[in-house]
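Quick notes on the structure that follows.
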Amino acid sequence: FRPQMCDRFNRNSCTRDVRVTIEPGYDGVAYASGDAIVISATWLRNNPQDTDVLTHECMHVVQRYPRGDPGWLIEGIADYVRWKYGRNNPAANWWLPDFDRNQHYTNAYRVTARFLAWCENRYPNIIDQLDADLRSNTYSDYSWNQFAGGKSIDQLWNDYSNDPNL
């Protein structure tokens with residue numbers, strides 16, 4: 001799956017090796033930093049089918065954004081990639097949630113990933129374009145207008161709220 005991510009999002013990121021560590025003392029789920037991924041041994045022991053946690057973290061290695069914000073979008077793209085390229089999500093009981101009016105696109109992770117999938121179905125390549133803006137440090141709220149026919153992110157969310165079918 002990593003070559004697919006590199007080909008689609010950032011070919012320069014595939015020139016490096018990635019070091020994956022299963023960490024017994026880490027209390028979270030997983031994280032990526034530079035070319036390293038750390039996964040909690042406890043998480044894997046308790047969730048042995050959740051191999052696609054690695055897909056999500058590999059996307060962070062591919063992303064290589066110069067800044068860590070907006071975090072909701074960065075995590076949303078990583079979960080979108082997990083949904084798109086993941087191989088074991090159903091067995092891990094992982095899915096994109098149904099839309100709920102209490103959600104907001106800034107909820108990050110799966111909520112944002114589902115919104116991104118909806119956007120991608122209506123505006124092909126929008127995720128690739130947002131990803132490129134994040135990597136080139138040119139992302140702003142206006143990026144959505146550029147890639148979605150002049151619609152702001154809030155207008156897109158309103159459209160999504162009224163018809164959330166993927």
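The values are calculated or read from the model by the stated rules, or taken from the named source; none is laboratory data. What you see is a predicted model, and the numbers here were worked out from it, not measured in a lab. Note that each Cβ is placed from the backbone with ideal geometry, even for glycine, and that neighbours are counted across all protein chains shown.
Assorted remarks:
- Selection of segment 83-92 for residues being touching a residue at least 40 places away in the same chain (Cβ under 8 Å) and either among the hydroxyl-bearing types (Ser, Thr, Tyr) or in a helix (DSSP H, G or I) (or both) yields only TYR85.
- Condition check for PHE147: out of contact with any strand residue (DSSP E or B) (no Cβ under 7 Å at 6 or more places or on another chain), within 22 Å of VAL62 (Cβ to Cβ) and of a type in the set (A, V, I, L, M, F, W, C): yes
- Being at pLDDT 95 or above, closer than 22 Å to SER33 by Cα and touching a strand residue (DSSP E or B) at 6+ places or on another chain (Cβ under 8 Å) holds for only one residue in VAL53, VAL61, and it is VAL53.
- Tally of residues being free of Cβ contacts under 8 Å to residues at least 60 places away in the same chain and surrounded by 20 or more Cβ atoms within 10 Å (Cβ to Cβ) across segment 62-82: 7
- Out of ASP128, ASP133, sole residue that is touching a residue at least 12 places away in the same chain (Cβ under 8 Å), part of a helix (DSSP H, G or I) and of a type in the set (Asp, Glu): ASP128
- Pick from segment 88-98, criterion of a type outside the set (Phe, Trp, Tyr) and exposed (fewer than 13 other Cβ atoms within 10 Å of the Cβ), ranking: farthest from CYS119 (Cα to Cα): ALA91
- Residue match in segment 99-112 (condition: part of a helix (DSSP H, G or I), touching an Asp or Glu at 6+ places or on another chain (Cβ under 6 Å) and buried (at least 17 other Cβ atoms within 10 Å of the Cβ)): yes
- Among the residues of segment 117-144, just one is in contact with a Lys or Arg (Cβ under 8 Å, 6 or more places away or on another chain), surrounded by fewer than 17 Cβ atoms within 10 Å (Cβ to Cβ) and not acidic (Asp, Glu), namely ASN137.
- Filter result for TYR160 (closer than 19 Å to VAL61 by Cα, surrounded by 13 or more Cβ atoms within 10 Å (Cβ to Cβ) and of a type in the set (Ser, Thr, Tyr)): no
- Failed criterion for SER13 (all others in (1) surrounded by 16 or more Cβ atoms within 10 Å (Cβ to Cβ); (2) touching a Ser or Thr at 6+ places or on another chain (Cβ under 9 Å); (3) modelled with pLDDT under 95 hold): (2)
- Count of segment 96-130 residues which are more than 14 Å from ALA148 (Cα to Cα) and of a type outside the set (A, V, I, L, M): 15
- Taking the criterion of being within 22 Å of TRP43 (Cβ to Cβ) and within 9 Å of the chain's Cα centre (by Cα), the residues of segment 73-109 that qualify are ILE74, GLU75, GLY76, ILE77, ALA78, ASP79, TYR80, VAL81, ARG82, TRP83, ALA108, TYR109.
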